[in-house]
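Remarks on the structure that follows.
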Amino acid sequence: MWLFSTSGGTDVCTAFVAGCPLLPVYEGELQCRALGCAVEAWDEQGNSLIDEVGELVITEPMPSMPLFFWGDGDPARPGERLRESYFSMYPGVWRHGDWIEITSRGTAVIYGRSDSTINRSGIRMGTSEIYRAVLGIDAIVDALVVDIPRPGTEGWMPLFVVLREGAELDDDLRNRLRAALRAQLSPRHVPDEIHQVPGIPRTLSGKKLEVPVRKILHGTDPERAADPNALADPDVLGYYGRFRGEEPAG
């Protein structure tokens with residue numbers, strides 16, 4: 001499996017887990033970890049997991065890892081963007097941002113991005129499933145959802161929506177959104193709040209910027225949350241700064 005990332009303006013193009021013609025094939029599983037890649041699945045406390053889903057981490061240096069990001073040379077904080085992108089969760093250990101399961105027979109299963117996954121009461125769900133339910137309502141033309149951990153609580157999950165011209169985010173539409181998510185997903189995946197926004201931040205290639213929005217809601221300045229040169233509309237991302245530090249209603 002080839003993984004390609006453009007976090008912070010540099011590229012990682014390498015195989016972390018891969019196929020091997022000398023090993024058995026199991027449906028839905030990659031046969032082994034690639035040569036030179038110390039890949040493990042870790043829980044939130046940094047414990048290695050077998051036959052359980054965890055964060056994909058690289059515990060030892062490998063030849064293709066970047067040493068720095070282009071333009072990350074602020075004399076006051078050299079290398080800060082690289083550390084924030086890959087080493088902030090487990091100091092000194094590369095966390096790639098994917099869910100992975102290492103099986104007891106040494107194979108691997110990739111479950112998607114961990115930093116864009118909604119985790120409610122231990123139930124993980126990809127954001128794409130939430131978008132499928134939300135965009136099924138005609139009044140909604142675009143949406144973005146993030147899950148913000150809050151100590152001692154289930155967390156805060158706001159849903160941001162762009163409305164079709166002439167539509168209004170009133171109580172009726174909010175209730176329709178909640179009902180659709182409850183019926184198609186689960187009561188746990190009903191958002192805590194629903195906000196109308198002028199646009200959803202995207203990269204030049206059209207990818208939704210869920211991770212930078214999460215950073216902003218955690219308190220990061222919008223100008224530091226993502227490279228403005230990589231955004232289709234930098235002003236849209238800046239709009240989310242008004243929600244920084246907001247507490248759940250009620």
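Okay, here's what the table says:
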{"quantity": "Subset of the range 186-212 that is at pLDDT below 90 and of a type in the set (A, V, I, L, M) - its residue that is farthest from Phe243 (Cα to Cα)", "calculated": "Leu204"}
{"quantity": "Matching option when the condition is in contact with a His (Cβ under 9 Å, 6 or more places away or on another chain) and either in a loop (DSSP other than H, G, I, E, B) or at pLDDT 80 or above (or both), among Gly245, Gly250", "calculated": "Gly245"}
{"quantity": "Hey, Leu177 free of Cβ contacts under 8 Å to residues at least 60 places away in the same chain, crowded, with 19+ Cβ neighbours inside 10 Å and part of a helix (DSSP H, G or I) or not", "calculated": "yes"}
{"quantity": "Boolean, Pro191 is within 20 Å of the chain's Cα centre (by Cα), surrounded by 14 or more Cβ atoms within 10 Å (Cβ to Cβ), not assigned by TED's automatic domain parsing to the domain that holds Met89 and not in a helix (DSSP H, G or I)", "calculated": "yes"}
{"quantity": "Subset of the range 167-185 [small (Gly, Ala, Ser) and closer than 19 Å to Ile118 by Cβ]", "calculated": "Ala179, Ala180, Ala183"}
{"quantity": "Test result for Glu29, in contact with a Ser or Thr (Cβ under 6 Å, 6 or more places away or on another chain), of a type in the set (Asp, Glu), in the same structural domain as Gly106 (by TED's automatic domain parsing) and modelled with pLDDT under 90", "calculated": "no"}
{"quantity": "Out of Trp99, Trp70, sole residue that is crowded, with 18+ Cβ neighbours inside 10 Å, of a type in the set (Phe, Trp, Tyr) and touching a residue at least 40 places away in the same chain (Cβ under 8 Å)", "calculated": "Trp99"}
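For (1) assigned to a loop (DSSP other than H, G, I, E, B); (2) over 18 Å from the mean Cα position of the chain (by Cα); (3) in the same structural domain as Thr127 (by TED's automatic domain parsing); (4) surrounded by 17 or more Cβ atoms within 10 Å (Cβ to Cβ), each residue gets a yes or a no:
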residue	(1), (2), (3), (4)
His195	no, yes, yes, no
Pro198	yes, yes, yes, no
Pro212	no, no, yes, yes
Asp235	no, yes, yes, no
Gly238	no, yes, yes, yes
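The values are calculated or read from the model by the stated rules, or taken from the named source; none is laboratory data. Computed from a prediction, not measured in an experiment: that's the story for all the values here. Counting neighbours? That spans all protein chains shown, and the Cβs are built from the backbone with ideal geometry, glycine included.
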